[in-house]
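The values are calculated or read from the model by the stated rules, or taken from the named source; none is laboratory data. In this text the structure is predicted, and so the values were computed from the model without any measurement. Reconstructed Cβ throughout: ideal geometry from the backbone, glycine too, with neighbour counts over all protein chains shown. Just the protein is used for accessible areas: all its heavy atoms, side chains included, with ligands, DNA and RNA removed. Shrake-Rupley method; radii C 1.70, N 1.55, O 1.52, S 1.80 Å.
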Amino acid sequence: MILGQILRASSFYALESLVRSGRRRSLGVTHKFGNDALSYFTERLDPTPTRRAAIHIVRQAKRNKAFQNTAFIGLALDGTTAGRCQQKQCHLCRPWRRAGSEQIAGYRHHLVMLSVVGTGLSLPIDVEPYGPGDSEYAAGQRLLRRIIPELGPRFADYLVVDGEYATAPFLHACDDLGLPVVARLKANLPELFQAAQKRFSQLPAQLSFRFARDRVEVWDADDFDPWETLRWPTVRVLYYRQHKPDGTVIEAYWLTNLSPQRVSTRSLFHMAKSRWEIENQGFNEAKNQHQWEHICHHHSNSILILWLLNALALIIERLYRLRYLHRGWHPRLSAIQLCRLLWLNLARSLPLDSS
Ligand SMILES: [Zn+2]
């Protein structure tokens, strides 16, 4: 199933046709099986060992200096939806409605994902689904409380999240786990948002630098008052204006409890930007290249197992392709180049003595 994810043939029917082919032995599979066996298997598989395997690999990657090109290792947490259907078929199915309509238009699945970011190597470590009556916010906290103690409190230097997570209970949960947070600051925190807008509008930018082809101006101050329920002594706020060559300007505010002594203004900007990795290298690649939206077997445990195996496959594939294969003089392969090479090599008979 992991090989199927890397080969982008993850549906149970695709796996069935592979193991029924005459070349089955090249896959290292001795017995034929059907897609129904995979349904039965994934309904009953305990997700814990797969989750532990991902944690074990990323910890080993850190020990083996796979992230050595960066001063800070980040984690990003974010939510998405996957797998639409017309009828409710499992207890993770959540109803969805078209904007402005009360009528249920269908059902879909929601999950949050945690990924290593900011290191040039995005590794999706874990996912947490949430069904009706549950929330992204609660699922995110569950995921962090489960995984941070196992990763070790010093594994990551920061957690980067979008504005919905910028609430006192969530930030306090991260404090308890020893994890500094970089969170988007939006109008859902009106006092702090308005104070930062007012202060920075009266000041010239503190720093200006190039970011790819763009020019970036940054404002940074660490002495804002926390809002009423937040038990931080002060809040640091970063504001940037990113000027694109075509004249468009992107601007955003971010808040953090990382001190300027520990993290410079420029590093904080890069931490904020690393949040996009979970969208691009996380959700987009999983959905566009690894059939995340396809539900192989509509059962809540089966769906979770497929998401976890997909994350594990992406970790293995990226470490192998971007780190292991990159040693020596080999050219760096793209994911699709490695996928094609794997397909071609499946047709090759393995020698009896493969030592
Ligand atoms: Zn469902």
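Among the residues of region 311-355, write down those that are modelled with pLDDT under 75, open to solvent by 100 Å² or more (accessible area, probe 1.4 Å) and among the hydrophobic types (A, V, I, L, M, F, W, C).
Within region 311-355, Trp329, Leu350, Leu352 qualify.
Consider region 94-109. How many of its residues are of a type outside the set (Val, Ile, Thr) and either open to solvent by less than 100 Å² (accessible area, probe 1.4 Å) or near the ligand (Cβ under 8 Å from one of its atoms) (or both)?
Residues meeting the conditions: 10.
Could you please find all residues in region 110-135 being among the acidic types (Asp, Glu) and either farther than 30 Å from Gln60 by Cβ or within 16 Å of the ligand (Cβ to nearest atom) (or both)?
If the condition is that a residue be among the acidic types (Asp, Glu) and either farther than 30 Å from Gln60 by Cβ or within 16 Å of the ligand (Cβ to nearest atom) (or both), then Glu128, Asp134 are the ones that fit.
Mind checking which residues of region 237-277 are among the acidic types (Asp, Glu), in a helix (DSSP H, G or I) and touching a Phe, Trp or Tyr at 6+ places or on another chain (Cβ under 8 Å)?
Within region 237-277, no residue meets the criteria.
Filter region 71-93 down to the residues that are in a loop (DSSP other than H, G, I, E, B) and open to solvent by 40 Å² or more (accessible area, probe 1.4 Å), then identify the one that is nearest to the ligand (Cβ to nearest atom).
In this case the residue turns out to be Gln89.
Conditions (1) buried (at least 20 other Cβ atoms within 10 Å of the Cβ); (2) closer than 29 Å to Phe72 by Cα; (3) at pLDDT below 95; (4) over 16 Å from the mean Cα position of the chain (by Cα), marked per residue:
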{"residue": "Glu251", "(1), (2), (3), (4)": "no, yes, no, yes"}
{"residue": "Thr256", "(1), (2), (3), (4)": "yes, yes, no, yes"}
{"residue": "Ser264", "(1), (2), (3), (4)": "no, yes, no, yes"}
{"residue": "Leu268", "(1), (2), (3), (4)": "yes, yes, no, yes"}
{"residue": "Met271", "(1), (2), (3), (4)": "yes, yes, no, no"}
{"residue": "Ser274", "(1), (2), (3), (4)": "yes, yes, yes, no"}
{"residue": "Lys287", "(1), (2), (3), (4)": "no, yes, yes, no"}
{"residue": "His298", "(1), (2), (3), (4)": "no, no, yes, yes"}
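Go through region 110-157 and count every residue that is open to solvent by less than 10 Å² (accessible area, probe 1.4 Å), assigned to a helix (DSSP H, G or I) and among the hydroxyl-bearing types (Ser, Thr, Tyr).
Qualifying residue count, region 110-157: 0.
Taking only pairs six or more apart or across chains, which ones have beta-carbon atoms under 7 Å, a first residue in region 103-118 that is charged (D, E, K, R), and a second residue that is within 16 Å of the ligand (Cβ to nearest atom) and open to solvent by 20 Å² or more (accessible area, probe 1.4 Å)?
So the pair list comes out as Arg108/Thr81; Arg108/Arg84; Arg108/Arg94; Arg108/Trp96.
Pick out the one residue from Phe211, Phe224 that is hydrophobic (A, V, I, L, M, F, W, C), within 24 Å of Val116 (Cα to Cα) and away from the ligand (no atom under 16 Å from the Cβ).
Going through Phe211, Phe224 in turn, just one is hydrophobic (A, V, I, L, M, F, W, C), within 24 Å of Val116 (Cα to Cα) and away from the ligand (no atom under 16 Å from the Cβ): Phe211.
Looking only at region 145-158, decide whether some residue is of a type in the set (Asp, Glu) and more than 23 Å from Ile315 (Cβ to Cβ).
No, region 145-158 contains no residue that is of a type in the set (Asp, Glu) and more than 23 Å from Ile315 (Cβ to Cβ).
So which residues in region 308-335 are touching a His at 6+ places or on another chain (Cβ under 9 Å) and in a helix (DSSP H, G or I), if there are any at all?
Asn310, Ala313, Leu314
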